[in-house]
1. Out of the helices (runs of 4 or more DSSP H) lying entirely within region 438-532, which hold 1 or more residues that are at pLDDT 90 or above and among the acidic types (Asp, Glu)?
2. Test Ala287 against the criterion of being among the aliphatic types (A, V, I, L, M) and either in contact (Cβ under 8 Å) with a residue 60 or more places away in the chain or under 25 Å from Asp64 (Cα atoms) (or both), and give yes or no.
3. Leu240 - would you say it is in a loop (DSSP other than H, G, I, E, B) and not charged (D, E, K, R)?
4. Among the residues of region 211-255, count how many are within 30 Å of Leu437 (Cα to Cα) and not aliphatic (A, V, I, L, M).
5. In the set Ala464, Ala521, which member is surrounded by fewer than 24 Cβ atoms within 10 Å (Cβ to Cβ) and either in the same structural domain as Lys189 (by TED's automatic domain parsing) or closer than 26 Å to Leu188 by Cβ (or both)?
6. When region 363-398 is examined, which residues are found to be at pLDDT 70 or above, buried (at least 16 other Cβ atoms within 10 Å of the Cβ) and among the aliphatic types (A, V, I, L, M)?
7. For region 25-56, which residues satisfy the criterion of being among the small types (Gly, Ala, Ser), at pLDDT below 85 and closer than 19 Å to Ser345 by Cβ?
8. Among residues belonging to region 12-32 that are touching a Pro at 6+ places or on another chain (Cβ under 9 Å) and of a type in the set (A, V, I, L, M, F, W, C), point out the one that is surrounded by the fewest Cβ atoms within 10 Å (Cβ to Cβ).
Amino acid sequence: MSEFDDPPPVLTEPRPGLFVLAASYEQREIAKEAGFRWHRGDRCRVSRCPACLEEVGKAWISYDEVHALKLIEYADPELKSDLQARAADELGDRAATGIEQEKDDPKRHLRRAQSLQASLAQDADIQVPATQGFEYLPYQRAAIAYALSRPHTLIADEMGLGKTIEALGVINADLEVKRVLVVCPASLKLNWQRECERWLTRGLRAGVTKKKWPADVEVVITNYEVLGKWAKELKGVWDLLIADECHFVKNRHAKRSKRLFSLKAKRRLFLTGTPVLNRPMEIQTVAASLDPESFGNFWDFAKRYCDPKKGPYGWDFNGATNLEELHMRLRSTIMIRRTKADVLSDLPPKRRQVIELSAEGLSKVIKSESAAWREHKQRLDELRRKTRTDDSRGHSEQELQQLREGVNAAFGELAKLRQATALAKVPLVLEHLKSVLEETDKVVVFAHHRAVVKELAEAFGERAVILTGGMSLHARQEAVDRFQEDDAVDVFVGSITAAGFGLTLTAASHVVFAELDWVPAHLSQAEDRTHRLGQDNSVLVQHLVLEDSIDARMVRTLIHKQRIVDGVTDIPDPQGPQDMFSGEYAESLMRAAEEEAQREKESPKSQPSKRKGSKRLTKDEVRQRRRRT
């Protein structure tokens, strides 16, 4: 493994059925994750222990070929070839138990063993085209190679590892794919279109179904709820059908499931980070669609894996049996799955994603926000032009003050509309958070407005803790402690400024920004609540923005500036301070306008300050201070 300075582990079989992994202390997690146990050598108390009889000594051992197969990359050359066939035979026998026997094929076991090994791979010797400036991570190449080696595939990598990129890599690598249908949740349609524009290399155009079917495109992106609406357009045979978040069709009786599975495609590529949400029955429908020969018999699957029980109201298939066998059977036929722990060495300490949400039904809110931003920008432009005039004495103080008041008024209106946009986005944010919690234990959510923080927290009830400005130190610490230590609390919701510093939230490695702040450093500080000493995972940071909103315009520039701050904290940006919308205005001026609007809101002129020792600035001092900021 690349993260270790020691030589790689070595897997041997000193006697039939006894597998020994020689590994250093730093490499112990490799053995543990594969199912090996530590043999204590001269302290072993097991009568006639095979490892003791073989004089293995202290080492990691296992008597299970399936455990050994997980570490086949470390096997010595002689064992490597022999292990595949023997482990495959056992896997085939175990998987066939209770299931209708497949056709007699002498190469079936070998194919299954090879498939199992490929489903665990973290790299592949394959060249996949990518657009300039982009490249696939090693484990993403492995997923693409796995999918290309079979007609239908379930990519079940954990959230944040890039299943969308892996699916688009299949399109880039397979020249036979010329007509593609992507079915996904409605909130992800726009995000799929953006990723297609970034990653597709063969000139294929992508379009989203809205009120009309997209014309002159090769990649059509639609959502599960409208498959019936586009039944006529969906006819024919697609070269590739991609079903994202395919656990949406876990119910085989649902209309969306029947419509999806009725579509004809030469290749099917289903994506989910949660292949089995709660019970084995939930994977049967998807597995049967991808491999009907192995999983198509509902009753055989149910008897083997669902512990069916007949009650007064019919059969109950909510049980679970033979889970390890099911897991291996899926891997040996259709599924590739890696967790963040599996590929941690390939991941940077912190990853950022922008998820652009469809603004269907919210166009009025977005238009109002955009209009307010244009007015504010116009006022700000005028103020900037006048305050930077060489001879500022050419403008009266009264004229400048009126202009400043106009800027603040426009900004105040913009702030109200930004809050309205954020509140309108809350249902989409909640939908995303529920998907996140199906795959991760805990999540940290940041927002800018208190009303948004409150709505998000209330949606999760006792599962969430909240932290905003104005809370006592005791209440703040109590919220942090509950999130860090209480397994029943899986959501932390905080304001970016109040919860963005001084806290440790390492119980989560997933951060979601429901809103943005206009200062990149504030976002970085908030992210670092999870990316602190004690965090063992790569932190995934997701920004949720609405299509055509101000956040959508500013987020990519914000992230770019965060990278500059992360990489060269003490080196000034060679482009100079820029506004994150158009690059024309200084961030300091934008922040000054925001702070002034807030000050005026909190301390109206009708209530002058009564603090002792306060000094009223002269007009010249005010003007000089404005220039400095």
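The values are calculated or read from the model by the stated rules, or taken from the named source; none is laboratory data. Remember, it's a predicted structure, so these values are computed and weren't measured experimentally. Note that each Cβ is placed from the backbone with ideal geometry, even for glycine, and that neighbours are counted across all protein chains shown.
1. Filter on region 438-532 gives 450-460, 473-485.
2. Details: among the aliphatic types (A, V, I, L, M): yes; either in contact (Cβ under 8 Å) with a residue 60 or more places away in the chain or under 25 Å from Asp64 (Cα atoms) (or both): yes.
When the stated conditions are applied, Ala287 passes them.
3. Values: in a loop (DSSP other than H, G, I, E, B): no; not charged (D, E, K, R): yes.
The answer is no for Leu240.
4. 15
5. Among Ala464, Ala521, only Ala464 is surrounded by fewer than 24 Cβ atoms within 10 Å (Cβ to Cβ) and either in the same structural domain as Lys189 (by TED's automatic domain parsing) or closer than 26 Å to Leu188 by Cβ (or both).
6. Across region 363-398, the qualifying residues are Val365, Ile366.
7. Answer for region 25-56, where residues must be among the small types (Gly, Ala, Ser), at pLDDT below 85 and closer than 19 Å to Ser345 by Cβ: just Ala34.
8. Here the answer is Ala22.
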